[in-house]
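Enquirer: Before anything else, here's the structure in question.
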Number of protein chains: 2
Amino acid sequence: MEITNVGILGAGTLGTRVALQAAISGYQVGIFDIHEKALDASFKLMKELLQQLEKSKRIEEASEKILSRILFTTELEKSVNQADIINESVTEDPEIKKELWEKVGKIAPSQTLFTTNTSYLLPSMFAEISARPEKFCAFHFHDVFYSRVVDIMPHVGTDPAMIPILEDFGKSLNQVPVIVMKEHPGYLFNTMLLALIGAAGKLLTGEIGSIEDIDKSWMVNFHMPMGPFGILDSIGLDTAWHVTKTRKDSASQAFAALLKTYLDQGKLGEKSGQGFYQYPNPAFKQPDFIL
Amino acid sequence: MEITNVGILGAGTLGTRVALQAAISGYQVGIFDIHEKALDASFKLMKELLQQLEKSKRIEEASEKILSRILFTTELEKSVNQADIINESVTEDPEIKKELWEKVGKIAPSQTLFTTNTSYLLPSMFAEISARPEKFCAFHFHDVFYSRVVDIMPHVGTDPAMIPILEDFGKSLNQVPVIVMKEHPGYLFNTMLLALIGAAGKLLTGEIGSIEDIDKSWMVNFHMPMGPFGILDSIGLDTAWHVTKTRKDSASQAFAALLKTYLDQGKLGEKSGQGFYQYPNPAFKQPDFIL
């Protein structure tokens, strides 16, 4: 099948990035959000991203040309009715996603492929209600431009013929597709990242190492620009808390409790100016940090 | 206290590297091994390392001058009797280490600091038998030249005054010192690395992802030159198996069983030419791996 038109549902950070990359790759895009404001913010974010991409010479076309391929809409039908493939990035709330997929299943053309960009939920939760389980698959991006992995995760009812189509589509979006052979919350990368963060959290709450020394260990030995606590600040401590508190082992619970003390002080990480580090110039980016 | 003379016990890969860096940093070094052959191999490895360091302009002195500061000896006394500090890197066998530290405690000058470079054992296992527990601390290197973290891990009886001395000494060896506040097997970095590897192993044995896709996820999203299975190949699957099999949870046991099938086929990783990948040109280093 040929994909020419892409429907993006949800104009948050990730939906915006996927929509922009699709337009850069030459697809016609319809991005939907129920909030006009979210679409305005999405348009603004795209212009910022395009400026950066232009500066680093990663796009060849003029920004206006790229943006002209994107329709911003609060009407679900307009995003969906021409789409060959849909990628959904709405709030991580099973009820909201179910309600949306039920509507989409009724109005999308019969050949349209359905994909969810959920981070920790599973495609089988929405496949049946979409009334198109065989055409339903998780297709999960990281941040599209820096972290370019896209996870392809079918549920048991996904038609296997959909996998190579998604692989090709992923490559056309400048991503590196990987297959998650069975449903698994967190896919491949996030599973490993969470294990790393869990171990770092346990070292901290167990008073084995300091935030700085734990991060230094990772940064210096692997020549990485940040360690686990720097990464947590960039993910957002609120998101980290939501994920951590669902894990029932005592180490996760202790770390969730620590994260909660940060949230209670309004320290959400980079976006709030304060998390484990202070922003915009966190200690771990200072040249003397690893001396 | 001033450190001018360094005793290195054990001329394996790590002891050799620490001894060489100490000589590069201007210290007089006595490296001891019971096997003449090990000392020959150590000398050869040092010459290779010096060639690489010369090429990348990371040393200023002539190699001969640096090597002239190193005494290679099979006589323990000669390595120890002038030493201000001793760093022990012998086989990870508690009985061998105990026997050595008992001897060293009897012949080393009374002011000499005792440090062990053990990877997974604890300093408290050897502190008493050295007869100098207050001067005994773990001082653990990674690979000295690429991964430059040095862990300082006291046991409960270590004199706290020893910590800043080891910090300064570590910095003088071009390392980034971190403090492990309580005894903890694996220190900071190896604890996190093991968590990452454990998660990757669980994804593989659980048939969630392939070796290549798991590694790709890590490499592409974090812009790293290898993923967990590439790292395992470089660590050595025999070492990985020894560490993994001691963990009693079912995921570690499953992964240890998988590693054992590699060992039974003589696949030990990079050093044997075959592990999860084939060497010297593993798939993950090919330019098309992450396309």
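The values are calculated or read from the model by the stated rules, or taken from the named source; none is laboratory data. This one's a predicted model, so the numbers in the text were calculated from it and none came from an experiment. Virtual Cβ from ideal backbone geometry, glycine too; neighbours counted across all protein chains shown. Surface accessibility is based on the protein's heavy atoms, side chains included, excluding ligands, DNA and RNA. Shrake-Rupley method; radii C 1.70, N 1.55, O 1.52, S 1.80 Å.
Enquirer: Output the residues belonging to region A:135-159 that are of a type in the set (D, E, K, R) and away from chain B (no Cβ under 11 Å).
Expert: Those that are of a type in the set (D, E, K, R) and away from chain B (no Cβ under 11 Å): A:Lys135, A:Asp159.
Enquirer: One residue is enough: does region B:170-184 have a residue meeting the conditions in contact with a Phe, Trp or Tyr (Cβ under 6 Å, 6 or more places away or on another chain), assigned to a strand (DSSP E or B) and not β-branched (Val, Ile, Thr)?
Expert: Scanning region B:170-184, I find no residue that is in contact with a Phe, Trp or Tyr (Cβ under 6 Å, 6 or more places away or on another chain), assigned to a strand (DSSP E or B) and not β-branched (Val, Ile, Thr), so the answer is no.
Enquirer: Which of the following residues is aromatic (Phe, Trp, Tyr), surrounded by 22 or more Cβ atoms within 10 Å (Cβ to Cβ) and in a helix (DSSP H, G or I): B:Trp241, B:Trp218?
Expert: It is B:Trp218.
Enquirer: Here's something else I'd like to know. Residues in region A:174-192: is at least one free of Cβ contacts under 8 Å to residues at least 12 places away in the same chain and within 28 Å of A:Pro282 (Cβ to Cβ)?
Expert: The answer is yes, given that some residue of region A:174-192 is free of Cβ contacts under 8 Å to residues at least 12 places away in the same chain and within 28 Å of A:Pro282 (Cβ to Cβ).
Enquirer: To continue, here is another question. Within region A:15-65, can you find the residues that are over 23 Å from A:Val90 (Cα atoms) and either among the polar types (S, T, N, Q) or surrounded by 23 or more Cβ atoms within 10 Å (Cβ to Cβ) (or both)?
Expert: Answer for region A:15-65, where residues must be over 23 Å from A:Val90 (Cα atoms) and either among the polar types (S, T, N, Q) or surrounded by 23 or more Cβ atoms within 10 Å (Cβ to Cβ) (or both): A:Gln51, A:Gln52, A:Ser56, A:Ser63.
Enquirer: Out of the residues in region B:198-243 that are more than 20 Å from the chain's Cα centre (by Cα) and hydroxyl-bearing (Ser, Thr, Tyr), state the one that is farthest from the other protein chains (Cβ to nearest Cβ).
Expert: B:Thr205
Enquirer: Here's something else I'd like to know. Just give me the residues in region B:147-201 being of a type in the set (Phe, Trp, Tyr) and within 22 Å of B:Glu134 (Cα to Cα), in sequence order.
Expert: Matches in region B:147-201: B:Phe169, B:Tyr187.
Enquirer: Kindly list, by first and then second residue, each pair from a residue in region B:267-291 that is outside the structural domain of B:Thr239 (by TED's automatic domain parsing) to a residue that is in a strand (DSSP E or B) and open to solvent by less than 60 Å² (accessible area, probe 1.4 Å), limited to pairs with Cβ atoms under 7 Å and residues at least 6 apart or on different chains.
Expert: B:Ile290/A:Val176
Enquirer: So which of A:Leu194, A:Leu203, A:Leu232, A:Leu259 ends up being assigned by TED's automatic domain parsing to the domain that holds A:Tyr277, open to solvent by 20 Å² or more (accessible area, probe 1.4 Å) and assigned to a helix (DSSP H, G or I)?
Expert: Selected residue: A:Leu194, the only one of A:Leu194, A:Leu203, A:Leu232, A:Leu259 that is assigned by TED's automatic domain parsing to the domain that holds A:Tyr277, open to solvent by 20 Å² or more (accessible area, probe 1.4 Å) and assigned to a helix (DSSP H, G or I).
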